[in-house]
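Laboratory data are not the source of any read-out in this text; all were calculated from the coordinates shown. All values derive from a computational prediction rather than experimental measurement. Here Cβ is always computed from backbone atoms with ideal geometry, including for glycine, and neighbour counts include all displayed protein chains.
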Amino acid sequence: MTKQVILISACLIGRHTRYDGSRKYVKPPASWPEAITVFSVCPEVEMGLGIPREPMRLVSRSSIQLETCTTKINQTKKFETWLSCWENRFPYSRIHGAILKEKSPSCGLQTPLYDAKGKIIAYTTGLFALFLQKQFAEILLQTEEVFKDISVWQKFIDQINKLA
Ligand code: SF4
C-alpha cells in the first residue's frame, strides 16, 4: 500500500536553515500517524545559497523574480535549475500535502510581492509553493498555522488520509 506523503519546510521541523541561521520550529499537536511519510526540504539551502545568506524577496518585473533584498542579485535561474534536478531525483510518485513556512519567497502561500522600487504591491505564492501547486493537482497546502490548533491539525490529517 502506498503511504501518504507530506512535505514540510525544513525550518519548521527545527533545521537551522533560515537566512540568518535560525529556525522556526513548531511542535505538532500530536504524533504523526505511522501511515504518513514526512520529509523536509529547504529550497534555498539546497539550491546552494548557504547559511547564513542574504534574505530574498519576490519582485515583479516582466515576470515574478526571486532576488536578494540588498544586492538585488536575481536568483530565479538558480532556483529553477535546482528545482529541475530536485524533481528528477524525487523518490515519490506524489505529494499528498505540504506544510509550508508562511511569507517565505520560496515556501510561502501569501508572500509579499514588491515592485522594482521596493514597495509591496500584492501578495503571491512563493516559487517552490507555486511549483507544488502546479505539479501535484490535489495537494493540500497548509502553513505552520496547522500545527497550532489540534482540530485544524486533525482535519488536515483526515483529509490527507482520504486521498487515494
Ligand atoms: S522557509 Fe523554506 S526556504 Fe526559507 S528557510 Fe524555511 S524551508 Fe528554507
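Exposure proxy for Tyr114, Tyr92: other Cβ atoms within 10 Å of each Cβ, ordered fewest to most, give Tyr92, Tyr114.
When the square roots of the Cα gyration tensor eigenvalues are ordered a ≥ b ≥ c, the ratio a/c for the chain is 1.5 or more and a/b exceeds b/c, which makes its shape prolate.
Rounded, prolate or oblate: pick one for region 109-151, where a ≥ b ≥ c are the square roots of the eigenvalues of its C-alpha gyration tensor, a/c under 1.5 means rounded, and failing that, prolate if a/b is larger than b/c, else oblate. Could the numbers behind the result be given before it?
Details: a/c = 4.26, a/b = 1.53, b/c = 2.78.
Since a/c reaches 1.5 but b/c is at least a/b, the shape of region 109-151 is classed as oblate.
The listed peptides 122-131, 139-148, ordered by packing as a protection proxy, come out as 122-131, 139-148 (highest mean of other Cβ atoms within 10 Å first). Note: relative contact order over the chain, using C-alpha pairs below 8 Å and six or more positions apart, is 23 percent.
Placing +1 on each Lys and Arg Cβ and -1 on each Asp and Glu Cβ, with no other charges, gives the chain a dipole about its Cα centre of roughly 260 debye. Using the structure shown, list the pairs from Lys24/Lys117; Lys24/Lys155; Lys24/Lys162; Lys27/Lys78 with a Cα-Cα distance above 25 Å, or answer none. Among Lys24/Lys117; Lys24/Lys155; Lys24/Lys162; Lys27/Lys78, the Cα-Cα distance tops 25 Å for Lys24/Lys117; Lys24/Lys162; Lys27/Lys78. A dipole drawn for the chain from +1 and -1 charges on Cβ atoms has a positive end, and of Cys11, Gly97, Gln159 the residue lying farthest that way is Cys11. For region 73-120, a simple Cβ point-charge model (Lys and Arg +1, Asp and Glu -1, everything else neutral) yields a dipole of about 100 debye relative to the Cα centre. Taking other C-beta atoms within 10 angstrom as a stand-in for reagent exposure, Ile8, Ile157 fall in the order Ile157, Ile8, fewest first. Given axes a ≥ b ≥ c from the Cα gyration tensor, I'd like to know whether region 64-134 is rounded (a/c under 1.5), prolate (a/b larger than b/c) or oblate. Because a/c hits 1.5 or more and a/b fails to exceed b/c, region 64-134 counts as oblate.
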